[in-house]
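Here the structure is laid out as structure tokens; the discussion comes afterwards.
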Ligand code: IFM
């Protein structure tokens, strides 16, 4: 049928979550503290002082949660592993009880015919490592590789995909430069150094995994968006390109080409020096990977700064350093995160990545939206905005596929409503509604719709 968009036969439909956002059980079975335990318990850091102490209580409810996944017809499930459950001190003794939780989870997922994809680092760094400098300490990259080896040995025979890092731009520049995320540091130079050590950790982890998890596909997930210049003026076009250097190329170029973008590197080096990059690092970071995970939510319209900027220092804010005066408001409707809804941005991004980085297999490892969801008197959650959002983005991905983009699958963010970091529980991204008082799970209309999409491997043209 002409108005049906059918996906490739082996296209993988999934949903994603992350450990700190859903597990709860913050102090159980020997788990150590993570930087998010510390940060969320620091007054003023999260909305209403919300923490992940209980979250969706998934740690205790994982078996019934996997039944929900199966009911949805998920073909793949992306979750993340809490590093401090495995290494309470970040390094040293392995906590077998922590590892057992993930063994049980992966077995349960497999028993229901779902392919498990594990992310090793979705922001919950062991606090013990933060106490030694966190990602500013080069040794953290090696500890990460040790942790990767342990996971590869324990689960490598059963995992389909291993994703080393989730969104290193966020862990570094939001954790170490804006300070909105744990560990809450505010220094532009620290963001640059943390980003390098994260990338180094990625490269070292790939090396570790290659030895022990031979049947897994190994990759990394980055959050990307290609900016639109506000006008076609040379200055605005340059500002948009600078935005893409900072957000996209700063991570894609080292991982896939073995080098940082030269212009931005020069600017960063003028702030922090160049001794954080050691000989051989770029080769390590450029390790061969099997796929690239892309998280996409929105894109910016960017205009060049009208006033000359102050000389940059390490205390310059990320916004000022971006050298854009104005991120022009989109006319598009927004989600409750205030993110404009722009499905074409996903199409353009997938095509841009393919064009600039070759035929590497791609997955959309996160895409989704937060809206105001509530349970009505009949016990249903009618989230038609989320259905529209997903349908628009699936159609954009389909268009990219038709144009030859090597997209292998799609993970909706998120399976459940969950702890949205500094925004606490105020943002509901789930296909499944969570009543945080009772821990009841309710499939939203979008979940029923997604189930149909998966079973038919097709959507209506929006
Ligand atoms: O909830 C987050 C997730 O942890 C990482 N990517 C973006 C999501 C929505 O903000």
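The values are calculated or read from the model by the stated rules, or taken from the named source; none is laboratory data. Computed from a prediction, not measured in an experiment: that's the story for all the values here. Ideal geometry is used to build each Cβ from the backbone, glycine not excepted, and the neighbour counts take in all protein chains shown.
Please tell me if residue 125 is within 16 Å of the ligand (Cβ to nearest atom) and more than 14 Å from the chain's Cα centre (by Cα).
Yes; evaluated as a whole, the condition is true for this residue.
If a residue must be more than 16 Å from the ligand (Cβ to nearest atom), within 21 Å of residue 79 (Cβ to Cβ) and in contact with a helix residue (DSSP H, G or I) (Cβ under 7 Å, 6 or more places away or on another chain), how many such residues does the stretch 357-381 contain?
Number of matching residues: 1.
Listed residues 306, 355; which is part of a helix (DSSP H, G or I) and surrounded by fewer than 18 Cβ atoms within 10 Å (Cβ to Cβ)?
355 is the lone residue from the list that is part of a helix (DSSP H, G or I) and surrounded by fewer than 18 Cβ atoms within 10 Å (Cβ to Cβ).
Taking the stretch 249-272, which residues are surrounded by fewer than 19 Cβ atoms within 10 Å (Cβ to Cβ) and outside any helix (DSSP H, G or I)?
Matches in the stretch 249-272: 258, 259.
Out of the residues in the stretch 402-416 that are over 26 Å from residue 109 (Cβ atoms) and touching a helix residue (DSSP H, G or I) at 6+ places or on another chain (Cβ under 9 Å), which is nearest to the ligand (Cβ to nearest atom)?
405
Exactly one condition in (1) under 24 Å from the mean Cα position of the chain (by Cα); (2) under 24 Å from residue 50 (Cα atoms); (3) in a strand (DSSP E or B) is false for residue 442; which is it?
With (1) under 24 Å from the mean Cα position of the chain (by Cα); (2) under 24 Å from residue 50 (Cα atoms); (3) in a strand (DSSP E or B) applied to residue 442, the lone miss is (1).
Which condition does residue 50 not pass, out of (1) within 21 Å of residue 368 (Cβ to Cβ); (2) crowded, with 24+ Cβ neighbours inside 10 Å, if it passes all the others?
Result: residue 50 fails condition (2) only.
Looking for something within 16 Å of the ligand (Cβ to nearest atom), surrounded by fewer than 19 Cβ atoms within 10 Å (Cβ to Cβ) and not in a helix (DSSP H, G or I) - is there at least one such residue anywhere in the stretch 325-333?
no
So the check is Cβ under 7 Å with 6+ separation or different chains; which pairs have a first residue in the stretch 408-423 that's on the phi < 0 side of the Ramachandran plot and a second one that's near the ligand (Cβ under 7 Å from one of its atoms) and in a strand (DSSP E or B)?
From the stretch 408-423, the pairs are 411/366; 413/366.
Looking at residue 384, is it touching a helix residue (DSSP H, G or I) at 6+ places or on another chain (Cβ under 7 Å) and within 16 Å of the ligand (Cβ to nearest atom)?
Judged against the criteria, residue 384 is not a match.
Which numbered condition in (1) assigned to a helix (DSSP H, G or I); (2) buried (at least 23 other Cβ atoms within 10 Å of the Cβ) is the only one that residue 117 fails?
(1)
Here is a check on your reading of the model: is residue 419 under 25 Å from residue 80 (Cβ atoms), in a loop (DSSP other than H, G, I, E, B) and within 16 Å of the ligand (Cβ to nearest atom)?
In short, yes.
How many of the residues making up the stretch 133-177 are more than 16 Å from the ligand (Cβ to nearest atom) and without any contact (Cβ under 8 Å) to a residue 12 or more places away in the chain?
2
Looking for something out of contact with any helix residue (DSSP H, G or I) (no Cβ under 6 Å at 6 or more places or on another chain), within 16 Å of the ligand (Cβ to nearest atom) and within 25 Å of residue 413 (Cβ to Cβ) - is there at least one such residue anywhere in the stretch 53-65?
no
Name the residue, out of 316, 284, that is surrounded by 13 or more Cβ atoms within 10 Å (Cβ to Cβ) and in a helix (DSSP H, G or I).
Result of the check over 316, 284: 284.
Which residue, of 239, 213, is modelled with pLDDT under 95, over 23 Å from residue 134 (Cα atoms) and surrounded by 21 or more Cβ atoms within 10 Å (Cβ to Cβ)?
239
Please state which one of 408, 399, 386 is within 22 Å of the chain's Cα centre (by Cα) and assigned to a helix (DSSP H, G or I).
Every option except 386 fails the conditions.
Residue by residue through the stretch 6-21, note down the ones that are closer than 23 Å to residue 409 by Cα and buried (at least 21 other Cβ atoms within 10 Å of the Cβ).
7, 13, 14, 15, 16, 17, 18, 19, 21
Looking at 204, 200, which one is at pLDDT 95 or above, crowded, with 23+ Cβ neighbours inside 10 Å and over 19 Å from residue 80 (Cα atoms)?
Only one candidate qualifies: 200.
Given the condition closer than 20 Å to residue 37 by Cα and touching a helix residue (DSSP H, G or I) at 6+ places or on another chain (Cβ under 7 Å), answer yes or no: does some residue in the stretch 150-163 qualify?
no
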